[in-house]
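Here is the structure we will look at, set down as structure tokens.
The values are calculated or read from the model by the stated rules, or taken from the named source; none is laboratory data. Small disclaimer: the values here were computed from a predicted structure and weren't measured. We place every Cβ from the backbone using ideal geometry, glycine too, and count neighbours over all the protein chains shown.
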Amino acid sequence: MKSYELYIDEYACWGCLACEAACKQEHVPRDGIRLIKVTEEWSHTTEGSLDFSFRVHVCRHCDDAPCIEACPVEAIIRREDGIIILKEEECSGCGACIDACPYDAIAFDAEQNMAQKCNLCYQRVDQDLLPACADNVCPAHCIYFGDPEEIRQRISAGAGIAEPVQSS
Amino acid sequence: MEFSYGNAAREMEVYGYDSVVKSHCRMCHGGCGVLVYVKDGRAVKVTGDPDCPINHGTLCPKGIASIQLAYHPDRLTYPVKRRGLKGSGEWERISWDEALETIAERILDYKERFGAESIVMGYGTGRDNEAAIYRFANLLGTPNVLTAGHFCYGPRIATSIITCGTNPIVDYENAPRCIMVWGNNIVISNPDEYKGENFSAALNKGAKLIAVDPRLTRIAARADVWLQLRPGTDAALALGMLHVIVNEDLYDEAFVRNHVYGWEPFVERVNEYPPDRVEAITWVPKEKIRQAARLFATTKPAAIQWGVAIEQQINCADNDRLLMALMGVTGNIDARGGQVLFQQPRIRNVGHFGAHRMLPDSQREKRLGGDRFRLAGNFSIINPKCVWDAILDEKPYPVKMLFFISSNPVMTRANARQVYQALEKVEFMAVSDFFLTPTAELADIVLPAATWLEMDYIGDFWKRHGYLLPRRKVIQVGECRSDHEMLNDLAHRVGQGEHWWDTFEQALDWILEPLRITWQEFQKMDYLRGEVTNQKYEVKGFSTPSRKFELYSTLLEQWGYDPLPQFREPLESPYSTPELYERFPYIVITGRRMPGFFHSENRQLPWMRELHRDPVVEIHPDAAAREGIREGDWIIIESPRGRVRQRAKLFPGIDPRVVSAEHAWWFPERNDSGHGWDESNINILTDNAYENCDPAMGATHIRTLLCRIYPENDTGGLL
């Protein structure tokens, strides 16, 4: 069974929020629920000057996922391909997974009293379609999906970056 | 299992869509190729078109949210006329026939009684409808078309035509080695030709990056050199960089010798701006100025990604001309990978379609402000205050009718209170738009405009990257009509029929005719592009009076202006008004771009509003502490002319003497007809006095002004 990973090269992220809109278009979650969320980050460079970048909060589908352990009703499961799914219909709304997630990547729908997170568009993936955010929507080409080893090779080769059309 | 980007065939199978239509998005000033999926007659999904050279399949949040715009429950889907008093919010449904007949009767009546010049047509950022609006106005005989052109894109067109013949565009497809991004946030804004994707790809290929911006954007953070200038001093900074380039002999000597007009007087002018002086003006350390100048001048090819921020200033035309001077003297003009003077396919272009030659000279002479803002006047552009004054004071003649097509001047033009007053007073106003905006609420008749999803058109018809892309109609919403079709119909009702067409598709055929193709043939293509060649000036010179690259503008001289670019201190600043600065101790910059919004648009689209719910003013943490302001507080921003409220965000990437406010905020969710137009609208604070405008272009200086800031609670409930 192939394993899958969603990898975001945050250095390249411009904070344009196209991934957030693409996710909304695919899943149409309730207003205020952002399964992928981009935030601003301030820090200092090694030279001491101010630095500004973006952080992308989305389920990492961790190898060692604390949310699975935290869930008292076993509503969060790992598939063989590594995709971790939160089954909303089984969620009790206790919020334990939200506290357990180190990436601030699980949202809470108070009206429906349930947690929601990125299920890596498994319905699309199972049909040979890329997750909505990773389907080349990003103008920085900083969202990668696929086999973890292949992603690392693509990044080190500078691939995943669309080649511009040559003028003639 | 194989994955591929933008797999339309598989999308169709999996989701059971009925069809997918290739088209061209128009949610901003430019356009991207898109795929629109359709099911049961409704557009249900928008994605990027992988075959489009502008976006290579990527998209921005606005483009994705197009469907929320098209099917928004508040959208106007039939013509209405106002029942009660202006601003009463009482509207009555009418037929297209009644709407257009009423507008036509008014046009003919005002033309008869007060002259065609008493009717002002207008558009905002333009929905690719610019050429049709100019055609209608010129054939009607009014020289008054009120657009954003005095301070947005129009200046780039006007100044580039008088300097080098056309607007030089960054040649992203041939990988510039150095990109200087000047007052522009191309990755989240609404750029004109190429989009963030092309810029991003050029950086990934290793281009050096220089950022000129008062704020630490992500572009500035990634830059090799970031020049954090005092807002409004762009011209001085450019002159300082030119000083370094000229005096260190870093310029392209052969280009200057053979192709530049006015080099010696230009050098004299540049020598008035040595780095010490420029540092004092701009607050940028002179070493950084030297570093940026050297990097830009010695890395080939290099290009400048410029934008609107430098145009909404009193130095508008000279800012543009100085950036072109930087492109020119470094030999990057019309160079591969530099800044190319692209050519369109040989169609009937916007100038031809706009029928400018049909406007009689006797009417052209009546252009409002034409004698004052002569660069603008020569490019059919007017300054907005001229129109408001002509309505309110009836000088030099009365303006009786306004017809705004996709424009919301109450939110987007300086001195919003005067704009509102003028719109309240004008005898008759028609508007074509998607929603009942604060501007539309003051109209007599409002027409339901079509979005890009609802029209056939030649996308990017007026852009300068040489591409034309078919925009194909996907859906019909209510009775909405494209502005082109509406004007084609109205033209027949006011006696212009012989210059228009039976259907607008025939107009598209007419535009394309020189290529010997029809719209039906074109709409089967992905795109067309004009021939790309470089250094065309070697053969035919530049398309200017001297056939040279005019650093010294013979046309500006002829029109009575300084032919050489200069820096003017903004009229309201720490240095020009020090006493005012004591009472208003911050420079407020206005109008930074936010993902999801396009000026006053999209506040009612849930996906976009969720990304940014409230108007936000950025303040340095030190300044916030001094003023007792905390993160998230609603605060008052007050200029000598008024005050508005926005929410504070502590933002370390800005000088503590500068704050950055958002523009064009209104609140469609409010049910009253004003929709909070004056509550957070930064143009309550801006000044539209003629003296506060670029003397040649009429660009209103709205980007920097003085203000004070304080927590809203301190007002004692005055707001």
Please determine whether any residue of the stretch B:183-196 is among the aromatic types (Phe, Trp, Tyr), crowded, with 22+ Cβ neighbours inside 10 Å and not in a loop (DSSP other than H, G, I, E, B). no
What number of residues within the stretch B:560-609 satisfy the criterion of being within 30 Å of B:Leu436 (Cα to Cα), of a type in the set (A, V, I, L, M) and assigned to a loop (DSSP other than H, G, I, E, B)? 2
Residue list for the stretch A:143-166, filter: facing another protein chain (nearest Cβ under 9 Å), crowded, with 18+ Cβ neighbours inside 10 Å and at pLDDT below 85: A:Ile161, A:Ala162, A:Pro164
Which pairs have Cβ atoms under 6 Å, sit 6 or more apart or on different chains, and link a residue in the stretch B:429-458 that is on the phi > 0 side of the Ramachandran plot to one that is at pLDDT 95 or above? none
Meets criteria (surrounded by 12 or more Cβ atoms within 10 Å (Cβ to Cβ), more than 18 Å from B:Gly653 (Cβ to Cβ) and acidic (Asp, Glu)) for A:Glu40: no
Pick from the stretch A:78-107, criterion touching a Lys or Arg at 6+ places or on another chain (Cβ under 7 Å) and either on the phi > 0 side of the Ramachandran plot or hydrophobic (A, V, I, L, M, F, W, C) (or both), ranking: farthest from the other protein chains (Cβ to nearest Cβ): A:Leu86
Any residue that is at pLDDT 95 or above, more than 8 Å from chain B (Cβ to nearest Cβ), farther than 27 Å from A:Glu69 by Cβ and not in a strand (DSSP E or B) - is there at least one of those in the stretch A:110-120? no
The stretch B:477-505: number of residues that are over 13 Å from B:Ala450 (Cβ atoms), of a type in the set (Val, Ile, Thr) and buried (at least 17 other Cβ atoms within 10 Å of the Cβ): 1
Which residue, of A:Ile77, A:Ile68, is at pLDDT 95 or above, surrounded by fewer than 21 Cβ atoms within 10 Å (Cβ to Cβ) and not in a helix (DSSP H, G or I)? A:Ile77
Against the condition in a helix (DSSP H, G or I), surrounded by fewer than 19 Cβ atoms within 10 Å (Cβ to Cβ) and among the hydrophobic types (A, V, I, L, M, F, W, C), how does B:Ala202 come out, does it pass? no
In the set A:Gly15, A:Gly32, the lone residue that is part of a loop (DSSP other than H, G, I, E, B), facing chain B (nearest Cβ under 10 Å) and more than 17 Å from B:Ala223 (Cβ to Cβ) is A:Gly32
I'd like to verify a number: residues in the stretch B:255-270 that are touching a helix residue (DSSP H, G or I) at 6+ places or on another chain (Cβ under 7 Å), surrounded by fewer than 24 Cβ atoms within 10 Å (Cβ to Cβ) and closer than 23 Å to B:Tyr575 by Cβ, how many? 0
Checking the structure you have, find out if any residue of the stretch B:318-327 is crowded, with 21+ Cβ neighbours inside 10 Å and more than 14 Å from B:Asp234 (Cα to Cα). yes
Between B:Asn167, B:Asn138, B:Asn144, which is buried (at least 21 other Cβ atoms within 10 Å of the Cβ) and in contact with a strand residue (DSSP E or B) (Cβ under 8 Å, 6 or more places away or on another chain)? B:Asn144
Answer with yes or no whether B:Thr159 is away from every other protein chain (no Cβ under 14 Å) and part of a loop (DSSP other than H, G, I, E, B). no
Looking at the stretch B:618-631 only, could you name the residues that are surrounded by fewer than 18 Cβ atoms within 10 Å (Cβ to Cβ) and either away from chain A (no Cβ under 14 Å) or part of a strand (DSSP E or B) (or both)? B:Ala625, B:Arg626, B:Gly628, B:Arg630
Helices (runs of 4 or more DSSP H) completely within the stretch B:294-404 that count 1 or more residues being more than 30 Å from B:Gly262 (Cα to Cα), out of contact with any helix residue (DSSP H, G or I) (no Cβ under 9 Å at 6 or more places or on another chain) and not acidic (Asp, Glu): B:361-364
Here are some residues: B:Pro585, B:Pro615. Which one is in contact with an Asp or Glu (Cβ under 6 Å, 6 or more places away or on another chain) and more than 14 Å from every other protein chain (Cβ to nearest Cβ)? B:Pro615
Out of curiosity, is B:Ala158 out of contact with any Ser or Thr (no Cβ under 7 Å at 6 or more places or on another chain), small (Gly, Ala, Ser) and either farther than 30 Å from B:Trp559 by Cβ or modelled with pLDDT under 95 (or both)? no
With the requirement that a residue be among the polar types (S, T, N, Q) and touching a helix residue (DSSP H, G or I) at 6+ places or on another chain (Cβ under 8 Å), what does the stretch B:75-126 give you? B:Ser118
Out of the residues in the stretch B:206-222 that are more than 8 Å from chain A (Cβ to nearest Cβ) and in a loop (DSSP other than H, G, I, E, B), state the one that is surrounded by the fewest Cβ atoms within 10 Å (Cβ to Cβ). B:Gly206
Single condition A:Asp104 does not satisfy, out of (1) within 30 Å of B:Leu216 (Cα to Cα); (2) in contact with a helix residue (DSSP H, G or I) (Cβ under 8 Å, 6 or more places away or on another chain): (2)
Note on the stretch B:8-44: residues within 13 Å of chain A (Cβ to nearest Cβ), part of a strand (DSSP E or B) and surrounded by fewer than 21 Cβ atoms within 10 Å (Cβ to Cβ) are B:Val44
Residue count, the stretch A:127-142, condition more than 9 Å from every other protein chain (Cβ to nearest Cβ) and part of a loop (DSSP other than H, G, I, E, B), comes to 1
Would you pick out the residues in the stretch A:37-57 that are more than 7 Å from chain B (Cβ to nearest Cβ) and either among the β-branched types (Val, Ile, Thr) or part of a strand (DSSP E or B) (or both)? A:Lys37, A:Val38, A:Thr39, A:Glu40, A:Glu41, A:Ser43, A:His44, A:Thr45, A:Thr46, A:Arg55, A:Val56, A:His57
Look at the stretch B:545-599 and say how many of its residues are β-branched (Val, Ile, Thr) and surrounded by 20 or more Cβ atoms within 10 Å (Cβ to Cβ). 4
Scan the stretch A:80-102 for residues that are assigned to a loop (DSSP other than H, G, I, E, B), crowded, with 16+ Cβ neighbours inside 10 Å and modelled with pLDDT of 95 or more and report the count. 4
Give the stretch B:170-182 a look and list any residue that's buried (at least 24 other Cβ atoms within 10 Å of the Cβ), of a type in the set (A, V, I, L, M, F, W, C) and assigned to a loop (DSSP other than H, G, I, E, B), or say none. none
